[in-house]
Amino acid sequence: MNELNVDVAVIGTGTAGMTAYRAAKAHGARAVVIESSHYGTTCARVGCMPSKLLIAAAEAAHAMQHSAPFGVHAGEVRIDGPAVMERVRRERDRFVGFVLEGVDAMPDEDKLRGHARFTGPHTLVVGDHTVITAARIVIATGSTPLRLPALENVGPGIVTSDDVFYWDDLPKSVAVIGTGVIGLELGQALGRLGVRVKFYARGGSIAHITDPEVLREAGRVLNEELDMQFQSKVVRAVQEGDEVALTVSDALGKENTERFQFVLMAAGRTPNVHDIGLEETGIERGKDGIPLFDARTMQCGSSHIFIAGDANNERPLLHDAADHGKIAGDNAGRYPDVRPGLRRTPIAVAFTEPNIATLGANYRSLCEGGKRKFAVGEVSFANQGRSRVMLQNKGMLRVYAEYGSRRFLGAEMIAPRAEHLAHTLSWACQMRMTVDQMLEMPFYHPVIEEGVRTALRDLAHCLTKGESEINASDSEPGT
Ligand SMILES: Cc1cc2nc3c(=O)[nH]c(=O)nc-3n(C[C@H](O)[C@H](O)[C@H](O)COP(=O)(O)OP(=O)(O)OC[C@H]3O[C@@H](n4cnc5c(N)ncnc54)[C@H](O)[C@@H]3O)c2cc1C
Ligand SMILES: NC(=O)c1ccc[n+]([C@@H]2O[C@H](COP(=O)([O-])OP(=O)(O)OC[C@H]3O[C@@H](n4cnc5c(N)ncnc54)[C@H](O)[C@@H]3O)[C@@H](O)[C@H]2O)c1
C-alpha cells in the first residue's frame, strides 16, 4: 500500500468535489481528489446537460407538430431516432470534454483513482493501493438512482437515467416509474419524440410542488398530454424477449399488465454515503444514514469532516452542489477557522412544458407549525395575454408574503417559461423585497411577467385583508 499524507482529501470529482478541491487549494492546502468511477461529473455526463439536450429535440418536434393553430403547416414530421440520440451524445461529450480538460490540467499527484473508504476519522483507503491520512476530509460522493426491489434482476429492459443517454436510438415504448423531476423531464421529452410513454406514480406528487392548488393545476395540465397513473404500485416485472411485462396495481389494488421496451426507474436518488465506512469516523448520522451537518458551513458536527453536493441531500441540484463545494473546500482549507458561506435563495426548475418551478420558502415549509401566517396571491395563465399569443396559456403561479412586513417569501408555479419567472422572483426574495417594492419594478408589455404582476397585485391586496382564509388542506391529482 502506498501511503500519503495530505491536508485535505476530497472524495468525489463531481461538481461539489472539484469546487471543494479548488477552494481548499486556494488556501494553500495540500489537497487531493479521489474518484472511483468516471471523471466528467454527473451533471455533464448523465444529468443536467444530456437531459436538456433531449428536451431541446423534443421541443423542436412538438413545435412542428403543433403549429397548425397558427396557420403554419409543417407537413409530415419525421423523427430520426438515431440522429436525435447522436446529437444528444455528441453535444454531451463536448460538455464532458470541458470538464475533462479541467481534470487534465490538475497535477497528477493530486488525483487518485479508486473507491475511497474511511478506516478511521482521518484515514481513507483508496481501492487496494493507497492509504491516505488527511487532516480534513470533504465527502462529495454524489447520489445514485434508487433501485426498486420489484425491478431488481429483471433484465436489460429495466433502466435508469444513467442508461438513457447511451441509447443509440429512441425506443418504441417506455414506462416511467415516478413523477418526480427526472421522470417528468425525460418521459415528456420521449413522448414528444414519438415514444409511447406511460407514467406510474406511487402517490400524487408532481416534481417538487408542495402547494395543493399548484399541484392540482399541474395534474390537470400535464394530464392533457401525458398518460399518468397515480396511486399505483409496481407489483412485478418480467423480461419477455425485447419487452418487459410490467404489472402495476392501482389505488383499488386491481392489477394490470402492460408491455414496454424499457421501464425507467425514476423513483428518486440515494446519497452515496452507505459504503464509505462512515461508522469509522465517529460523526453523528441521521436516520437516513447521512451525517448531520451545518448547511451554512457544511461541517459535520464539530469535526474536521465536511459534506457537499448530492451526498448531503440538502438540495440535490447543480448550483447548490457548487455552493456546497465552495463552502466545504474553503472551510477544509482554513480549518479550524470554520465560517458560514454564501447560501442563496432556494430555486428549483423542472424543464417540463410548462415548466414547474419553486423558489424561496415553499408552501409546505410555510405551513409548518400549524396555522398559516402568510398571504397568498395567484394568477392563472389561461387568459394571460402573451401566453395566449404564443398558445402557451396554461398553468398558474402562487406567490407568498408575510403579513405585517409585507415581505415576499416565495412562490410555486407551473407556468410558461417559468424558468425565467423563477429567477426574477428568487432575486427579489434574496434581496428581501416587499411586495410593494416588487410592484415598483418595471414590467414590459406584452410579456409573461405581466402575469407575475397580476399575482403580486393579488398578493398585495390579500396582505391588507389580514390572515388568509384559503383552505390549506392537501389535495392530490389522481385521488
Ligand atoms: C437526469 C438528471 C438531470 C438533472 N438535471 C438537473 C438540472 O437540470 N439542474 C440541476 O440543477 N440539477 C440537475 N440534476 C442534479 C445534478 O446533476 C446534481 O445535483 C449534481 O450533479 C450533483 O453533483 P455532485 O458533485 O454532488 O455529485 P456527482 O457529480 O455525482 O459527483 C460525485 C462523484 O463522486 C464519485 N464517488 C462516489 N463515491 C465515491 C467513493 N467512495 N470514492 C471515490 N469517488 C466516489 C462518483 O463516481 C462521482 O464522480 C440532474 C440530475 C440528473 C440525474
Ligand atoms: N431540472 C432539474 O433541476 C432536475 C432534473 C432532474 C433531476 N434533478 C435532481 O435529481 C433529483 C432526483 O430526481 P428524481 O426525479 O429521481 O427524484 P424525485 O424525488 O424528484 O422524484 C421521485 C419520484 O418517484 C416516486 N417514487 C418514490 N418511491 C417510489 C416507489 N417505490 N415506487 C414508485 N414511485 C416512487 C416519488 O413519488 C416521486 O414521484 C431531484 O430531486 C432533483 O434534485 C433536478
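Coordinate-derived values only; no laboratory data. Quick caveat, the model's predicted, so the values are computed rather than measured. All Cβ positions, even for glycine, are placed from backbone atoms using ideal geometry, and neighbour counts span all protein chains on display.
Things to note:
- Sorted by Cβ density within 10 Å, fewest first, the residues Arg398, Arg220, Arg90, Arg269: Arg90, Arg220, Arg269, Arg398
- Helices in the chain that qualify as membrane-span-like (whole DSSP H runs, Cα extent of at least 30 Å along the helix axis, mean Kyte-Doolittle hydropathy of -1.0 or higher) are 81-104.
- The stretch 311-336 and the stretch 435-450: distance between their alpha carbon centers, rounded to Å: 34
- Peptides 334-341, 372-379 ranked from most to least packed, by the mean per-residue count of other Cβ atoms within 10 Å: 372-379, 334-341.
- Straight-line cross-link partners of Lys25 among the aspartates and glutamates, defined as a Cα under 14 Å from its Cα and at least 8 positions apart when in the same chain: Asp7, Glu109, Asp110, Asp330.
- Size of electric dipole in the stretch 347-475: Cβ of Lys, Arg +1 and of Asp, Glu -1, about Cα centre, debye, nearest 20: 80
- Extension reserve of the Asp242-Ala83 stretch, reckoned as 0.36 nm per residue once the Cα distance is removed: 55.0 nm
- Gyration tensor (alpha-carbon) shape descriptor, the stretch 156-268, a/c threshold 1.5: oblate
- Rounded to the nearest 20 debye, the dipole magnitude of the chain is 960 debye, with +1 charges on Lys and Arg beta carbons, -1 on Asp and Glu beta carbons, and the Cα centre as origin.
- Listed residues Val32, Thr144, Val452: farthest to the positive end of the dipole of the chain (Cβ charges): Val452
- Over 21 Å between alpha carbons, listed pairs Lys373/Lys465; Lys233/Lys254; Lys52/Lys111; Lys111/Lys287; Lys172/Lys233: Lys52/Lys111; Lys111/Lys287; Lys172/Lys233
- DSSP bridge pairs, the chain: antiparallel proportion in percent, nearest 5: 60
- In order through the stretch 115-121: 3J(HN,Hα) via Karplus (6.51 cos²θ - 1.76 cosθ + 1.60), integer Hz, x for Gly, Pro: 6, 9, 8, 5, 10, x, x
- 5 angstrom amide H check on Ala382, placed H, neighbours 5+ away: Gly395
- 3J(HN,Hα) along the stretch 246-251: 9, 9, 10, 9, 8, 4 Hz, from the Karplus curve 6.51 cos²θ - 1.76 cosθ + 1.60 with θ = phi - 60°, whole Hz, x for Gly and Pro.
- MRE, 222 nm, helices only [DSSP H, n ≥ 4, -39500 (n - 2.57), over the chain, to nearest 500]: -9500 deg cm²/dmol
- The charge dipole of the stretch 154-274, taken about its Cα centre with unit charges on the Cβ atoms of Lys, Arg (+1), Asp and Glu (-1) only, comes to about 320 debye.
- Alpha carbon centroid spacing (whole Å) that separates the stretch 107-150 from the stretch 1-55: 11
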